[in-house]
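The values are calculated or read from the model by the stated rules, or taken from the named source; none is laboratory data. Predicted model only: the values in this text are computed from it and were never measured. A quick note on method: Cβ atoms are made from the backbone with ideal geometry, for glycine too, and the neighbour counts reach across all protein chains shown. Just so you know, the surface numbers come from the protein's heavy atoms only, side chains and all, with ligands and any DNA or RNA stripped out. Shrake-Rupley method; radii C 1.70, N 1.55, O 1.52, S 1.80 Å.
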Amino acid sequence: MPRQRDHTDVAGVQVLVAVGTDKHPFDRLLGWLAEWHVDVADRVDLTVQHGHTAAPAVPGAVPFLAHGALQAAMADADLVVCHGGPATILEARRHGRLPIVVPRDPARGEHVDDHQQLFARRLGAAGMVALCESRAALHDTLAAGLADPARFAVVTDPLTYDAQRAAVAHVGRIVDGLVAEAARRAPWWRAWVRPAGGRGRVR
C-alpha cells in the first residue's frame, strides 16, 4: 500500500514537482504552478525540483535532488507533479502516487521531439497517469488533489511494480518507434531549383 504520511508535523498537503534533468527549460509548467500556488500557499508544502529552468517564485525550489532525496520526497508527497519522463513516472507510481503529468512540448522549445507527449497520452488513456496538457487541466487536477489527496494514491506491490515497469517499457518502445519513423519520413515537398539555363526543375 502507499506509504501513509503523518500530517501532524506539516502545514498542509505535501506536493512534489519534478521536471527532471533535461537541459531544455520548462517555464510553462513552473509558471502554471506559481499561479496556482498564490491561492493555496497556506494549504500546501512544496518541494520543486526545477532543474535547468529558472527557479519559480515559490518556496521549496531546488535545482536538483540526489536520487535518494528524490525517492524520499516522492514517498512523503501526497501529490507528485512531473514532466513526461518515463523514469520519473514509474518511480512516482512505485511510491504509490498517481503522477500528475505535464509532458514537455517540443514546439515550445521544451524538448527535442514529441516523445513525452506521445508517451504521456498513452499512459493517460490507460489511467496510469493524470494527464494535464493545459493550465486549466493542471489547476483543476491540483484542486481535486487538495480536496482529496487519497484520489491520487495507487496500490502498489513488487509484482504490480514489475508489471507496470514492463508496461511502461512496452509503451516506451512503441513511442520510440513512432518518433524514429517520423524522423525517417521524407517530406512531401521537393525543393524547386532554377538552373542557369532558366528552366525550372525539382530535386
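Listed values, structure above:
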read-out	value
Condition check for L146: surrounded by 13 or more Cβ atoms within 10 Å (Cβ to Cβ), more than 20 Å from G84 (Cβ to Cβ) and at pLDDT 65 or above	yes
Some residue of region 48-67 being closer than 21 Å to A153 by Cα and either open to solvent by 20 Å² or more (accessible area, probe 1.4 Å) or assigned to a helix (DSSP H, G or I) (or both)	no
Region 114-128: number of residues that are surrounded by fewer than 20 Cβ atoms within 10 Å (Cβ to Cβ) and in contact with a strand residue (DSSP E or B) (Cβ under 6 Å, 6 or more places away or on another chain)	1
Of the criteria (1) at pLDDT below 95; (2) in contact with a helix residue (DSSP H, G or I) (Cβ under 9 Å, 6 or more places away or on another chain), which one P158 fails	(2)
Single residue of R93, R121 found to be free of Cβ contacts under 8 Å to residues at least 40 places away in the same chain, of a type in the set (K, R) and over 18 Å from G31 (Cβ atoms)	R121
Any chance A87 is assigned to a helix (DSSP H, G or I) and open to solvent by 50 Å² or more (accessible area, probe 1.4 Å)	yes
Residue within region 23-34 that is touching a residue at least 40 places away in the same chain (Cβ under 8 Å), under 12 Å from the mean Cα position of the chain (by Cα) and assigned to a loop (DSSP other than H, G, I, E, B) present	yes
